[in-house]
Amino acid sequence: MSSATQETPGAIKAPGGFLVMPSVIVLLAWMIVPLVMTVWFSFQYYNLLAPETAGFAGLDNYEFLVTDPDFWVSLRNTLVLLSSVLVITVVLGTLLAVLFDQPFPGRNIARVLAISPFFIMPTVAALIWKNLMMHPIYGVFGAVAQAFGFEPVDWFAQFPLASVIAIVSWEWLPFALLILLTAVQSLDHEQREAARMDGAGVIAQFVFITLPHLSRAIGVVVMIETIFLLTVFAEIFVTTSGGPGNATTNLAFLIYARALLQFDIGGASAGGVVAIVLANIVAFFLVRSIARRLEV
Amino acid sequence: MATLTLRGLRKSFGTTEVIKGIDLDIAEREFVVFVGPSGCGKSTLLRMIAGLEPITAGELRIDDKRVNEVGPADRGLAMVFQSYALYPHMTVRQNMGFALRLARVPKAERDRKVNEASRILQLDPYLERRPKDLSGGQRQRVAIGRAIVRDPKVFLFDEPLSNLDAALRGQMRIELSRLHEELNATMIYVTHDQIEAMTMAEKIVVLRAGEIEQVGSPLELYHHPINLFVAGFIGSPRMNMLAVKVVATNPSGTEVELASGARLIVPSSGGARVGDAVTLGIRPEALRPDPNGVLQGEVRLVEQLGGLTLLHVAAEGIDDMTVQIEGSNGTRMHQSVRLSVDTSACHLFDSSGLALAHLTRHPLLAA
Ligand SMILES: Nc1ncnc2c1ncn2[C@@H]1O[C@H](COP(=O)(O)OP(=O)(O)OP(=O)(O)O)[C@@H](O)[C@H]1O
Ligand SMILES: [Mg+2]
């Protein structure tokens, strides 16, 4: 009797294994094949403009990459873009979430307006900012500057990276706001009243009650935004094309430039592998620290 | 330890008036309980006292100082919420010390006060835990501890025991009474629960639709309710209400005729005249099975609680006259019973619901 019951799970296991095969195969094909091909190409001489130099390259592509000053600049730009946008969206998102939680006339309309940028696709957002807002001649900012008698600023020439950061932050702020607003609203209002009875003013309530309550939601925002911000591309492509010089070239744009402007598939693949490693390092630390917080 | 004075207190949310003029005096060290049906404004009144809800009109004085405009933290009150409202990311010790930390009390003194409170509430083993790792009763004690460390003049409780199971509620009831004794503090307590109100209160305030119906000691309200509402609200099981007619008034009371034609003389007098339709209120324990009883009825349901038994009797035109008798009584369902009435424990209410005054005070209240 007992041996029979012990055998049953083993018997079920084999067909079970077969049944999950299709999804496993699809997943493998989906993920492993491109990954392996990228790694493979990164060890090959593979330039579409120089088909005669083909074959195994060893670490040449990597050497070329790390000795290329553009690479280090793009790495720095990637991280600067990531961290600036994270800080801006989380800080502003938290403040706006707390603000939008208060009752004030026109709150619902204000909420919709604040969240609507999220529905605009990145290329369009970048175009709007480039031509309607930041353009020194046609742009709103230029017009305002001139109205006050200042010289209009040519944003993309003078502060290219900051301009891209502004655009990307504008796109991601609604997301942060949305998540954080729902979190603020889920705060038990008796808790805040208890804090009021305990003598907490507005700032103390924010620091000791609201912020700790929001920590999970902030973690989620940081995690999700990081995944997308490591690969910002359209905004850069549309506005600055990585320039002036390499001022706004991030890793994603560098890979694109290598592969499709210089036709150097091998070099681009090496950049891709670095990007994968970078994303994994960031994800490892981030996911670990946030997962720990989510447990609380 | 403080006196509270409420004068013409009113509260409106928009155009709806929720509290309609409350006048109340609360003495030092008194344990006052607000009771009333759901939605009558008990919580709102408590929150107005706490300062969490602005006062629309009237005056609130604590120790004879007007505090309408004083913020909740500066009124010297502490509140225990129904949901406990503990800070989930802080340990028990941090929860209890939060108010002192905000007041910049030095750490040594803070710890001393927290330890003192935790000793009173037997929370020592849990000081380093988070609220989520505590049982409901322990959380409740932490919430009370958070109030104690602030050394408030007045404690406010909003249905603090309603989330606990019956056994724990009984235990916490005793602990709260003990705490009141030990801390010598004024306490205001909101509840739905008859037993909590009767056992803990020194003074019960019965509210209905934002107005005070009656204020008095538990026994005062039980034995001398001023109207039908209070009579029906205080006491569990509820008082039985019968429509009767006045047939005679004399110095020993008012003689009434029941639906069956039976007559009772209730030792109450007042404006009732012969022929008036009045309401007779009989507490379940004032009825008892008696072969010579004046009432006749059929037992519809027997609820045996062990020590006590409740009979639901169809008699005098009502289906559900509750009779409370000893658990040893063997009366069974569908049996026909005669009931005698202890008329000294009966009440008469005129057509507007006001009680006719008893000729004598209840012996326990005579002094
Ligand atoms: N913020 C508010 N806005 C409008 N009406 C309110 C508000 N708070 C309470 N009320 C109304 O005031 C009345 C009294 O509410 P309150 O919470 O004081 O009742 P309660 O006596 O505590 O009831 P319960 O026993 O169910 O807790 C209710 O009718 C409620 O709908
Ligand atoms: Mg309430």
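Candidates are the residues of region B:102-117 that are open to solvent by 50 Å² or more (accessible area, probe 1.4 Å) and part of a loop (DSSP other than H, G, I, E, B); the one that is nearest to the other protein chains (Cβ to nearest Cβ) is B:Ala103. B:Val274 meets all of the listed conditions (1) in contact (Cβ under 8 Å) with a residue 40 or more places away in the chain; (2) of a type in the set (Val, Ile, Thr); (3) part of a loop (DSSP other than H, G, I, E, B) but one, namely (1). Scanning region A:173-197 for residues that are open to solvent by less than 50 Å² (accessible area, probe 1.4 Å), touching a His at 6+ places or on another chain (Cβ under 9 Å) and within 12 Å of chain B (Cβ to nearest Cβ) yields a total of 2. Against the criterion of being closer than 30 Å to B:Gly41 by Cβ and in contact (Cβ under 8 Å) with a residue 24 or more places away in the chain, B:Glu220 qualifies. The condition of being under 10 Å from the mean Cα position of the chain (by Cα), farther than 16 Å from B:Glu30 by Cα and in a helix (DSSP H, G or I) does not hold for B:Ile174. Listed by position, the strands (runs of 3 or more DSSP E) inside region B:178-263 whose residues that are within 21 Å of B:Glu30 (Cα to Cα), among the hydroxyl-bearing types (Ser, Thr, Tyr) and open to solvent by less than 10 Å² (accessible area, probe 1.4 Å) number at least 2 are B:186-190.
Only residues that are within 13 Å of chain A (Cβ to nearest Cβ) and surrounded by fewer than 24 Cβ atoms within 10 Å (Cβ to Cβ) were counted across region B:130-142, and they come to 5. Scanning region B:39-59 for residues that are more than 7 Å from ligand 1 (Cβ to nearest atom) and polar (S, T, N, Q) turns up just one, B:Thr56.
For region B:152-175, what are the residues that are surrounded by fewer than 15 Cβ atoms within 10 Å (Cβ to Cβ) and either acidic (Asp, Glu) or at positive phi (or both)? If the condition is that a residue be surrounded by fewer than 15 Cβ atoms within 10 Å (Cβ to Cβ) and either acidic (Asp, Glu) or at positive phi (or both), then B:Asp165 is the only one that fits.
Considering region B:301-367, the qualifying strands (runs of 3 or more DSSP E), each wholly inside and each with 2 or more residues that are among the β-branched types (Val, Ile, Thr), open to solvent by less than 40 Å² (accessible area, probe 1.4 Å) and closer than 26 Å to B:Val230 by Cβ, run over B:318-326.
Condition test on B:Ile120, is it within 16 Å of ligand 1 (Cβ to nearest atom), touching a residue at least 12 places away in the same chain (Cβ under 8 Å) and more than 14 Å from chain A (Cβ to nearest Cβ)? So B:Ile120 does not fit the description; no.
Looking at region B:1-101, the strands (runs of 3 or more DSSP E) lying wholly inside it that each contain 3 or more residues that are within 14 Å of chain A (Cβ to nearest Cβ) and either in contact (Cβ under 8 Å) with a residue 24 or more places away in the chain or farther than 19 Å from A:Glu193 by Cβ (or both) sit at B:77-80.
Selection of region A:206-215 for residues being more than 10 Å from every other protein chain (Cβ to nearest Cβ) and not β-branched (Val, Ile, Thr) yields A:Phe206, A:Leu214.
Once region B:145-160 is narrowed to residues that are over 13 Å from the mean Cα position of the chain (by Cα) and within 13 Å of ligand 2 (Cβ to nearest atom), the residue that is farthest from B:Lys113 (Cα to Cα) is B:Pro160.
Scanning region B:5-15 for residues that are away from ligand 2 (no atom under 16 Å from the Cβ) and surrounded by fewer than 20 Cβ atoms within 10 Å (Cβ to Cβ) turns up B:Thr5, B:Arg7, B:Gly8, B:Arg10, B:Ser12, B:Gly14, B:Thr15. Consider region B:20-55 and keep the residues that are polar (S, T, N, Q) and touching a strand residue (DSSP E or B) at 6+ places or on another chain (Cβ under 9 Å). The one that is nearest to ligand 2 (Cβ to nearest atom) is B:Ser43.
Table: residues versus (1) of a type in the set (Lys, Arg); (2) modelled with pLDDT of 85 or more; (3) closer than 19 Å to A:Thr123 by Cβ.
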site	(1), (2), (3)
A:Ile203	no, yes, no
A:Leu214	no, yes, no
A:Val221	no, yes, no
A:Thr226	no, yes, no
A:Val238	no, yes, yes
A:Tyr256	no, no, yes
A:Ala259	no, no, no
A:Ala268	no, no, no
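Checked against (1) among the polar types (S, T, N, Q); (2) surrounded by fewer than 20 Cβ atoms within 10 Å (Cβ to Cβ); (3) away from chain B (no Cβ under 11 Å); (4) within 23 Å of the chain's Cα centre (by Cα), A:Gln158 meets all criteria but (4).
Let's see how each residue does on (1) open to solvent by less than 60 Å² (accessible area, probe 1.4 Å); (2) more than 16 Å from ligand 1 (Cβ to nearest atom):
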| residue | (1), (2) |
| --- | --- |
| B:Lys20 | no, no |
| B:Asp25 | no, yes |
| B:Lys65 | no, yes |
| B:Gln82 | no, no |
| B:Thr91 | yes, yes |
| B:Phe98 | yes, yes |
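From the list A:Val36, A:Val112, the one residue that fits, being farther than 25 Å from A:Ile236 by Cα, exposed (fewer than 12 other Cβ atoms within 10 Å of the Cβ), assigned by TED's automatic domain parsing to the domain that holds A:Phe228 and at pLDDT below 90, is A:Val112.
The values are calculated or read from the model by the stated rules, or taken from the named source; none is laboratory data. From a predicted model like this one, the values you see are computed outputs, not experimental measurements. Note: ideal-geometry Cβ built from the backbone for every residue, glycine included; neighbour counts use all protein chains shown. Remember, those area values only see protein heavy atoms, side chains included, never the ligands or the DNA or RNA. Shrake-Rupley method; radii C 1.70, N 1.55, O 1.52, S 1.80 Å.
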